[in-house]
1. Would you mind working out the accessible area per residue for the stretch 359-426, using a 1.4 Å probe, and quoting it in Å²?
2. ³J(HN,Hα) across the stretch 865-874 via Karplus (A = 6.51, B = -1.76, C = 1.60, θ = phi - 60°), whole Hz, x for Gly/Pro?
3. Using modelled backbone amide H atoms (1.01 Å from N, in-plane), which distant-in-sequence or interchain residues come within less than 5 Å of L731's amide H?
4. Would you grab the residues whose amide H sits under 5 Å from the one on K887? Only those 5+ places off in sequence or on another chain, please, with H modelled 1.01 Å from N.
5. Out of all DSSP beta bridges in the chain, what portion is antiparallel? Express it as a percent rounded to 5.
6. Among the aspartates and glutamates, which have Cα under 16 Å from the Cα of K251 when same-chain residues fewer than 8 positions away are ignored?
7. Hey, can you find the accessible area per residue of the stretch 230-280 for me, probe 1.4 Å, expressed in square angstrom?
8. Please report the relative contact order for the stretch 393-473, taking Cα pairs under 8 Å with a sequence separation of at least 6, and give it as a percent rounded to a whole number.
Amino acid sequence: MVRATIDGEAHEFGEGLSILDAARSLGLDVPTLCHEERLRPNAVCRVCLVSLEGQPRPVPSCSTPLVEGMAITTTGPELEAARRGALRLLAASYPAGAVRRAPGKPLHRLFKRYGLERECRGSPDPSRLDAAHPYLHVDMSQCIECYRCVRICDELQGQFVWHVWFRGERTKVVAGDGGRLRDSDCVACGACVDTCPSGALEDHTVLAARWPSRWTRTTCPYCGVGCEMEVGTSRGKVVTVRPARGSAVGKGHLCSKGRYAWGWVASSERATRPMLREGADWRPVSWRKALAHVAARLAELKKRHGPDSLAVLGSARATNEDNYVAQKFARVVLGTHNVDCCARVCHAPSAAALSEMLGAGASTSSFDDLERARCILVCGANATENHPVVGARIKQAALRGAALIVVDPRRIELARYARLHLRPRPGTNIALLNAMASTILAEGLVAESFVRERVDGRPELEAFLGAWSPERAEGICGVPASQIREAARLYARARPAMSVHGLGMTEHSQGTEAVMCLVNLALLTGNLGVPGGGVNPLRGQNNVQGSAHMGCEPHHLTGYAAIENSRHRFEERWQAPLPASPGLDLMEMMDAARDGRLKALFAIGYDVLLTNPHAAATLAALRRLELVVVQDLFLTRTAREVATVFLPAGSAFEKDGTFMNAERRVQRVRAILPPPGKAKPDWQIVCELARAMGHSQGFAFTSAQQIWDEVRTVWPAGAGMSWARLEGAGLQWPCPSEGHPGTQLLHVGTFANGGRAALRRVDYRESPEQPDESFPMVLISGRSLYQFNAGTMTGRTPNNALRPRDLLDISPVDAGRIGLRDGEQAVVRSRHGETQLPVHLDDRVRSGEVFATFQTEEAFLNRVTGDGRDGRTNTPEYKLTAVRVEKLAGATSREP
Ligand code: SF4
């Protein structure tokens, strides 16, 4: 406790505050300019001056710690004169027009408060203008050298784009090497724009439109990090997006996708009317007609071929409420467990491994544990591109001293910050992780008391791993034995140690088992149930955790409840019998379609054709179906090629609901605009279809909140998350009652399975998909910073200017051998198909490997990927395809 007097009144404060913090906690209006709550104090502007008893001169309140017994004065003629004087110096060279154009900017409000508007006599300097970036407008004639942009880029994003050049009168803030922002290392997160108090940095969209008249808080529709954001609208249109201050996940930060890639919402390509296929054409019809048609066709196919001839796909871009209703529709109305979602093609292995070994198929910890961990093991996750806000937090943790170990065949950005970068051959993670566990056991690095008290299977694992020396693993995965030992020691000794992993772990033929190996490491070292520890899948899409958790999985009901254990409970709640036969997952649905067992697919928000591997096989399977209903935002590739009915859906900007992020946090999604045309929220369409099929009872919902309230009745671990409680920063499950605060950390004291955890012996099996003479290289597929998944949303935004096309990253050595120059078109052939891509010479990729993104229809990379699947969950083996790369005959160079 610190006692101090402010403006003549005695108060008590907590420890560790600055004078500014203390004054603001009392509601006092101390002006600031260079200060920002997300940044360390800088004290260059002299606007936040206060007087201290016994001090001859005022001090900056932002950087002066509050200490016991201080007597502080925050206002008075002398202080006001000093503040006015500091601002007057800025006004003298500041462009007057800027104040008129944007009176709400913090600097402009200060000019007004101190009567200095008329003293702004500077002129715009065209030589300091840079409008080349697709999103950020730079006018450095409005720069007041507060360095907030420089500091936020360093301290929050860790990108170090903005620099201060020269000193004194010649001081200037520049991007990169002093040229255009667009040519710098800028990642378009917009943090500098958010913090700039003058408008020197501004969004083009804000300059082109009015300042928003309304702000709505919601959750980002892109990745599974789940950053909260505020969407600014004016006259019924989105004008800008800014990070939600104080948000639990993003901490006031967004990446380029959340911050800027929202243009698709108003795209003229949005589907706005229900349509029925007539030959090669689409015929717009009323909702009544479209739903009557789908209801009749589903009923007819069910009658002819049985309920298991029908299948439903839920959607990771849709809300929990949409997905809950979709799986209930499959089970209650259609009478089948044939329901799945895109978790199948990403993190189903993580959920399976974590559930089987620990009793909960989700992240064990929270993103806040990144700041608590002393070691972070990042496996197969290119976080700075695919989960950029988490990537930035990992970078900052490493800069503060956390030991970072990166496991990735490519030299991804995080490798620059890593103590160790291990580069296994694709498909050999198990050999590497087994050898790390073997080292921990052999070198006595086991957390003995933790293992004794909470873990079974140590003797068996020890005997098994005796055969997994780092030298043997080196022969398989290519990582030097010395590095494997070093990584094991670092991870085991620097407690707490946390692992995060991505699709480089799961999208392999042994994806589930690889995650089990990560759990083994955490169990051996006591890194479960402790702050800063844990095993954490970085979920890909915003609500992929939620869509699976709501029950869009053939073998699980809502809450990841195994069907056989929970059948009675759900039948009672839903007042309907559950199907007796087991359901098909997404990949099994394709198999069943191909051999004629599946007749109809209702795909909600999932472009099956573009996303599934081995596109030729997928297309052949889909073409055999008698009914394909696509419900989506756009006429997707699946819709165009094979759908017989199209139903237009509202996006996350156009409906209420909730998402569940990668750290088990349920957060609100709020309607910002009405859906375009006749489009409707997914849940509403599914409920109307259920009613058209005679199921009024159980589908009479009139709001997302009503659906969520029903979810809480069937999911005990979510029962405490009332709509009202979700209004704040959301809640992490388990949250079993309304008095429960939610759970940041799982497995504290006991595992979620109610007892001890057992170590797993996992043997390495080589994938059948191996290079040979005909296909000598290995293709790894993945995403990039500026595009998302199949590009459905980002591909309709100015992000295209930042990442216009898919590229084939190839080492300069291999490119030279093949005779390919940067930008030239290459043919990529595999045993499964071929495509063409421009090459990008990239020494982050090793010789013998190539990397390509899959985000445009033009490249359609899944023409090349194959049929390999994870042995336990059927997740496709996207990360390993043997290919041959050739120069395209007659191709001309073009810039990548
Ligand atoms: Fe959205 Fe993910 Fe970026 Fe956050 S990190 S802004 S959730 S895409």
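1. Numbers: 1820 Å² over 68 residues.
Value returned for the stretch 359-426: 27 Å² of accessible area per residue.
2. Result, ordered by residue: 5, x, 9, x, 9, 4, x, 9, 10, 6 Hz.
3. So L731 has HN proximity to V666.
4. Under 5 Å from the amide H of K887: V827.
5. 60
6. By straight Cα distance, K251 reaches E36, E37, D154, E155, D194, E228, E230, D368, D369, E371, E663.
7. On the way: 1870 Å² over 51 residues.
Roughly 37 Å² per residue, with all protein chains present.
8. Working: 65 pairs, mean separation 20.1, N = 81.
Relative CO of the stretch 393-473 lands at 25 percent.
The values are calculated or read from the model by the stated rules, or taken from the named source; none is laboratory data. Since the structure is predicted, the reported quantities are computational estimates derived from the model, not experimental observations. Methodologically, a virtual Cβ is constructed for each residue, glycine included, from the backbone with ideal geometry; neighbour enumeration extends over all protein chains shown. SASA here: full protein model, heavy atoms, side chains in, ligands and nucleic acids out. Shrake-Rupley method; radii C 1.70, N 1.55, O 1.52, S 1.80 Å.
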